[in-house]
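Report on the following structure.
The values are calculated or read from the model by the stated rules, or taken from the named source; none is laboratory data. Here the structure is a predicted model, which is why all the values come from computation and not from measurement. Using ideal geometry, Cβ is built from the backbone for each residue, glycine included, and neighbour counts are taken over all protein chains shown.
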Number of protein chains: 2
Amino acid sequence: MNPAITNPEGEKKHRSPAGEKVYGHIKQAIFAGRYKPGERLGEESLARETGVSRTPVRSALSRLATEGLIKPLGKRGYCHAGDSLEEMEELFELRAVLEGFALGLVARKISKETLKELNRYLARAKKALARNDIEEVFKWNTEFHDALTKLIADRPRLHSLISDMRKYVLRYRKDTLLYLKGAERSIDGHCRIMHALMLGSPDICEKVMRDHIREAKEDAYHTVLEQKELMKGSQK
Amino acid sequence: MNPAITNPEGEKKHRSPAGEKVYGHIKQAIFAGRYKPGERLGEESLARETGVSRTPVRSALSRLATEGLIKPLGKRGYCHAGDSLEEMEELFELRAVLEGFALGLVARKISKETLKELNRYLARAKKALARNDIEEVFKWNTEFHDALTKLIADRPRLHSLISDMRKYVLRYRKDTLLYLKGAERSIDGHCRIMHALMLGSPDICEKVMRDHIREAKEDAYHTVLEQKELMKGSQK
DNA sequence: GAACGACATTATGTATACATTCATCCAGCT
DNA sequence: AGCTGGATGAATGTATACATAATGTCGTTC
């Protein structure tokens, strides 16, 4: 399974073994599709499942709600947000806007060294694609985006917004890249990003990144549709 | 004092008398400048202050952190984010991007009735400006923006992001409008927004809204600077 | 038979007690 | 004298017990 999901690597803040455990547990369960869409998530049941008390469960639920994986349900706990196409679409649109803006900021101050680093990731992804090693393509594409994200660490809000959304979106992206065509389009987009960065124009960078993420949205869109079809078929 | 701040009106979710009480208490204290910038906010001291236990205090702190009013401090509690110019600038830049995008979305589907409603608010703000009634200008300008925000209620993430940031930004805006020039520029911006909406072009709407909020940023910038000067002067 | 109401069950809000970890300070050593 | 290391304290993480609110069920009544 996807290591970026099953291995909840060290984040910066939020310091608690138990709370972290529950957080990872629920997140993984959601990504694995273990909850029915819209299913209610109660503090007590989760506390029993994970073997901790309700207090860390509450904290984890609150965190997940901020990240958008679950939604507050009126007055009675939370529920799994489900993969509605609308949600997915909004998420990618937001990413397009925010990461587009971010790339515009980056364009103003990126260094030659960073450009080289990005080119390195891109070259590796291309090589991996030539070998049909999708896993590797995914890895280097992620490195590429992560390197870009790091460049706006001096804008804490923007940075954390983008980080959160990228975390959330992994589920779609991995599946998307399983299609060779998606991998090709993605790498092509990264090429265009490099060119835009070398042009140094914020406006062009913004537009290129928007288009890139909207392409990814289209791929994810089809993937989700097919998943829904599959689920429909597998229902007795 | 600002009614939008001192009167924590009914929000949608988050159901708790005690938790709500603490939330309002801290928020008000922050807006009133009762905490030194960067001051550490401990759960225990806040619990004593407000007379409730630490549990609702935790929930309130978590909420405030999500909204960006306080920042998680490494591993040890939270602290008042302070009014650094950088933070303020980032906040307005984000608003510019997100509300710009939102207005682009709105442009595609706004109805004649809504346009009329917006025009009504705008006209009232103009009249208030003619009377030099800044309080009223503020009120109708807020109605104007709120009406726009409501139009993207079908994009929950975008909507809540914008709502949160607008809440947070109230402190700057009120002071800003105390300057007549700021009020004039603000109303002028709203006029341009109306024209862009009537043109119906998403791109133009996006650009106009961005410019409008960046103007507000400039006003807020000067205001914060003057406040800092004042504080420097009042320090023995 | 359907609807209303009371009770039981369950879930969340709150409080408090306990555990753990971080920070500070003082003492002893180099 | 300065630095290091441990002890002490305080603040957060966790668990649990209690209070309150909501839901679901069962019984009664019309």
Give the residues of the range B:63-98 that are without any contact (Cβ under 8 Å) to a residue 40 or more places away in the chain, within 16 Å of DNA strand C (Cβ to nearest atom) and either closer than 16 Å to residue B:163 by Cβ or charged (D, E, K, R) (or both), sorted by residue number. B:71, B:75, B:76
Being surrounded by fewer than 18 Cβ atoms within 10 Å (Cβ to Cβ) and more than 11 Å from DNA strand C (Cβ to nearest atom) is the filter here, so list the residues in the range B:18-34 that pass it. B:24, B:28, B:29, B:32, B:33, B:34
Might you let me know whether the range B:112-120 holds any residue that is at the interface with chain A (Cβ under 9 Å from one of its Cβ atoms), hydroxyl-bearing (Ser, Thr, Tyr) and in a helix (DSSP H, G or I)? no
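Rundown of residues vs (1) assigned to a loop (DSSP other than H, G, I, E, B); (2) more than 9 Å from chain A (Cβ to nearest Cβ); (3) closer than 27 Å to residue A:55 by Cα, yes/no style:
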residue	(1), (2), (3)
B:45	no, yes, yes
B:56	no, yes, yes
B:79	no, yes, yes
B:83	yes, yes, no
B:94	no, no, no
B:100	no, no, no
Could you grab me the full set of residues in the range A:159-172 that are among the small types (Gly, Ala, Ser), within 11 Å of another protein chain (Cβ to nearest Cβ) and touching a helix residue (DSSP H, G or I) at 6+ places or on another chain (Cβ under 8 Å)? none
Could you tell me whether the range A:182-198 includes any residue that is in a helix (DSSP H, G or I), over 20 Å from the mean Cα position of the chain (by Cα), crowded, with 19+ Cβ neighbours inside 10 Å and modelled with pLDDT of 95 or more? yes
Could you please let me know if residue A:50 is surrounded by 13 or more Cβ atoms within 10 Å (Cβ to Cβ), within 13 Å of DNA strand C (Cβ to nearest atom) and not charged (D, E, K, R)? no
Under 7 Å by Cβ, and 6 or more places apart or on different chains, what pairs join a residue from the range A:36-47 that is under 10 Å from residue A:81 (Cβ atoms) with one that is hydrophobic (A, V, I, L, M, F, W, C) and more than 8 Å from DNA strand C (Cβ to nearest atom)? A:38/A:79
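Go through the range B:66-77 and count every residue that is part of a loop (DSSP other than H, G, I, E, B) and among the basic types (Lys, Arg).
Step one: of the range B:66-77, the residues part of a loop (DSSP other than H, G, I, E, B) are B:68-69, B:73-77.
Checking the rest, the ones that are also among the basic types (Lys, Arg) come to B:75-76.
Residues meeting the conditions: 2.
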Find the residue count for the range A:138-158, including only residues that are out of contact with any Leu (no Cβ under 8 Å at 6 or more places or on another chain) and within 14 Å of chain B (Cβ to nearest Cβ). 3
For residue B:63, the lone unmet condition from (1) at the interface with another protein chain (Cβ under 10 Å from one of its Cβ atoms); (2) within 11 Å of DNA strand D (Cβ to nearest atom); (3) part of a helix (DSSP H, G or I) is (2)
Matching residues in the range A:35-64 - criterion: being within 22 Å of residue B:63 (Cβ to Cβ) and in contact with a strand residue (DSSP E or B) (Cβ under 6 Å, 6 or more places away or on another chain): A:40, A:41, A:61, A:64
Leading residue by the ranking (surrounded by the fewest Cβ atoms within 10 Å (Cβ to Cβ)) among those in the range A:66-77 that are within 9 Å of chain B (Cβ to nearest Cβ) and under 20 Å from the mean Cα position of the chain (by Cα): A:66
